Amino acid sequence: MPAALTLRFFQRELRNRFAGSFSGGLWALFQPLLQLAVYSFVFVHIFKARLPGMDAPGYVPFLMTALWPWTAFAEAILRSTTAIQENAALIGKVALPREVLVLASVATSFAIHLVGFIAIVLILALLGSRIHLAGLAPAVLLYVPLFALAFGLALICAAVQVFVRDLVQIVAQLLPLLMFGAPVFYDRGLLPERFQGWLDLNPFTFYAEAFHAALLGYGDFSFTRLAVAAGIAILILLAGRWVFRRLDPHFEDFL
Amino acid sequence: MSAPLVLARGLGKAYPKVHRSGDRLRALGRLLLRGEDGDRVSVLQDVDLEIRRGESLGLIGDNGAGKSTLLKLITGVLTPTTGSVAVNGEIGALLELGAGFHPEYTGRDNVVMAAALHGLAGDELRRRLPQIIDFADIGQYIDEPVKHYSSGMVVRLGFAVIAALKPDLLVTDEVLAVGDESFQKKCVKWMKDYLDQGGTLILVSHSMYHVQKLCRQACWLRGGRIEMAGDVFAVTQAYLAYHERKSAALEAPSADVRAGLEFSVTAVSLNGIDGDAPVLLEPSASLCVRAHIRSRDGRVPCLAIGVVRADGTPVYGVSTDMDGIEPQGTGDGAYACELQFADLPLLPGGYTVRVHPLDPEGVRVFDTVERGFVVRGSTREMGLVRLAHRWTCTAPVKSAP
């Protein structure tokens with residue numbers, strides 16, 4: 001895939017998301033702060049959410065460390081589902097490798113939320129939460145297989161969306177289900193025993209727990225599970241590419 | 001001989017029929033599982049095309065004949081349903097208005113993006129950007145969003161990008177039509193220079209003037225197939241003649257009406273050829289118009305014969321009573337008459353012969369029958385006819401450098 005072209009679309013997309021909002025790029029930093037404030041208020045002061053265990057971290061750091069990667073993941077898929085459809089005018093007139101459009105869209109979501117993630121981790125550490133700053137580098141590395149997974153799913157969604165226009169609505173409904181089916185808002189230990197195993201069917205479960213382990217030292221992390229997650233990510237990426245390339249020649253007929 | 005720049009074999013395109021939302025789902029399933037889909041509407045069939053470096057091809061045809069589809073197949077925007085097309089080189093394409101410009105972005109941003117799409121980036125782009133903006137010549141509008149542009153400005157910008165890229169193959173789809181006079185001239189001049197420097201061009205245009213000026217070959221598409229391909233003059237003339245016949249067919253009175261006329265034309269042949277197909281003539285050939293007329297009450301009619309150019313401009317007209325003769329009776333109210341033009345001085349193009357019977361006094365016109373003919377040839381002389389001429393006070397042209 002031509003890197004220069006991807007970079008151009010990435011820049012355009014990035015500008016797209018912030019252009020028109022009065023605060024421009026500042027919003028990228030302001031949004032994590034605002035969300036942090038809202039979640040602390042709602043979950044700590046209204047719901048009085050606590051994690052089990054004596055040495056459990058505070059609920060807000062627990063929530064934030066998994067919710068941020070999730071936001072990147074979910075937004076990447078939702079936005080790139082319409083990446084091909086929205087560029088119909090371009091596709092009808094210029095020959096270009098269409099994967100670039102999907103890649104740029106996924107990359108934009110990840111870039112914005114990775115910056116937000118690093119910002120929020122640093123803010124939490126500054127505010128005195130027990131965050132292992134040494135875990136920040138491995139946590140950022142976790143974004144690599146997560147990105148591959150998101151890109152693979154996005155390729156499938158973007159290609160199918162061209163044919164079935166309701167897909168984006170379905171995806172928008174399914175993503176919250178996937179979120180609540182992963183230990184983002186709760187810890188696996190809070191579930192009844194017989195349901196705990198089911199969580200492993202959710203591809204995001206590994207990432208939520210791995211982020212918790214890396215940054216908070218909470219829960220276990222095993223390299224076997226990392227290898228499995230990376231394997232799944234690669235498989236999904238290959239499947240996504242296959243579906244996309246198979247449907248790609250017919251986009252113009254259905255757009 | 002080098003490999004052709006564009007080679008298409010048995011090229012065809014069909015669009016899927018999708019009416020209900022369920023059709024889209026079924027098409028998706030078929031594509032994923034079997035790699036093909038169901039019912040299709042064919043818009044282009046069996047197109048064979050070979051274009052070599054340095055050639056220039058004009059694509060002509062009615063609306064919906066498949067010209068744009070063919071261009072999109074060549075540029076790779078569309079995937080062929082049947083056959084194949086291969087292009088050995090960089091393509092610069094201007095398909096329709098605003099080739100892929102995004103309306104929300106400024107002209108400058110769009111130029112950068114369009115250049116990136118053609119693989120131009122970094123220093124190379126920075127170096128050429130002023131040149132592009134200069135060619136487009138749209139002033140401070142370059143920093144305005146494209147949605148505020150007039151259609152002419154969009155085309156200027158699109159053409160400027162292509163001009164800077166100097167692709168191996170330039171493909172343009174009816175874009176010259178929207179530019180103003182001076183920009184059209186600029187584009188035509190640029191294209192001529194580009195062709196002189198060995199560039200290759202595929203031009204879609206409804207302007208036979210532009211096609212004849214820029215292209216040496218032409219290809220006439222009709223209903224998704226190649227109707228005729230070859231020398232630009234022969235193809236464009238045949239195409240114009242076809243249009244002449246099409247509009248004549250709309251205007252011609254029906255047989256019933258004509259049977260009731262006092263005088264009606266029963267047959268016209270050109271150089272002994274009956275039927276509706278246009279007659280092809282070499283330059284300075286002779287033309288013989290033979291007309292048969294039926295007179296209802298047996299009176300001897302007058303006969304007028306005229307020649308008009310394809311666009312309706314009269315060239316010459318004459319009648320029997322002007323020359324003091326009358327048609328010969330062939331019995332039972334039928335009359336025949338023959339008119340000979342020797343060494344027809346008409347310039348190449350499509351023409352029509354009109355035959356009108358008049359009453360014996362030569363006053364009232366009763367019927368009109370038209371027959372088309374085409375004068376072949378490729379001359380750059382202008383006008384309708386070649387006037388006999390002779391230059392004096394001249395020197396021979398010095399041999400070309």
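Just so it is clear, none of the values below were taken in a lab; they were calculated from the coordinates. Because the structure is predicted, anything quoted here is derived from the model rather than measured. Reconstructed Cβ throughout: ideal geometry from the backbone, glycine too, with neighbour counts over all protein chains shown.
Computed quantities for the displayed model
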| read-out | value |
| --- | --- |
| Theoretical gain in end-to-end length, residue B:126 to residue B:26 [0.36 nm per residue, Cα-Cα removed] | 31.2 nm |
| Label-point separation, residue A:177 to residue B:17 (7 Å along Cα→Cβ), nm | 3.5 nm |
| Loop trypsin sites (Lys or Arg not before Pro), segment B:354-401 (other Cβ atoms within 10 Å of the site Cβ: 15 or fewer; DSSP) | B:364, B:380, B:386, B:390, B:398 |
| GNM top mover of A:222, A:40, A:105 - chain A, alpha-carbon springs below 10 Å | A:222 |
| Spin-label model distance (nm) - residue B:266 vs residue B:90, 7 Å beyond Cα toward Cβ | 6.9 nm |
| Acute angle (nearest 10 degrees) that the helix A:3-18 long axis makes with the longest principal axis of chain A, alpha-carbon atoms | 60 degrees |
| Share, in percent, of DSSP beta bridges within chain B that are antiparallel, nearest 5 | 75 percent |
| Gain upon complete extension [residue B:342, residue B:381; 0.36 nm per residue less C-alpha separation] | 12.0 nm |
| Label-point separation, residue A:42 to residue A:165 (7 Å along Cα→Cβ), nm | 3.2 nm |
| Sorted by Cβ density within 10 Å, fewest first, the residues A:75, B:104, A:193 | A:193, B:104, A:75 |
| Cβ-Cβ FRET estimate between residue A:234 and residue A:18, R0 fixed at 35 Å, reported to 0.05 | 0.60 |
| Choice from B:28, B:221, B:71 showing the highest fluctuation, given a GNM over chain B with Cα pairs closer than 10 Å | B:28 |
| Packing-based exposure ordering (other Cβ within 10 Å, fewest first) of B:13, B:166 | B:166, B:13 |
| For chain A, with +1 on Lys and Arg beta carbons and -1 on Asp and Glu, the positive-most of A:60, A:192, A:37 along the dipole | A:37 |
| Cα centre as origin, Lys/Arg/Asp/Glu Cβ charges: chain B dipole, Debye | 1140 debye |
| Within segment B:252-375, percent of DSSP bridges classed antiparallel, to nearest 5 | 95 percent |
| Placed amide H near residue B:5: partners under 5 Å, 5+ positions off or other chain | B:51, B:52, B:53 |
| Magnitude of the charge dipole, segment A:26-254, Cβ model with Lys/Arg +1 and Asp/Glu -1, debye to 20 | 80 debye |
| 0 to 90° range, to nearest 10: angle between helix B:21-34 axis and chain B longest Cα axis | 70 degrees |
| Proxy reagent accessibility, fewest Cβ within 10 Å first, across A:218, B:15, B:351, A:207 | B:15, A:218, A:207, B:351 |
| Share, in percent, of DSSP beta bridges within the protein assembly as shown that are antiparallel, nearest 5 | 75 percent |
| Crossing angle, helix A:26-39 versus chain A [Cα axis fit, 0-90 degrees, rounded to tens] | 40 degrees |
| Principal axis dimensions, largest first and in whole angstrom, of segment A:26-254 by Cα | 60, 42, 31 |
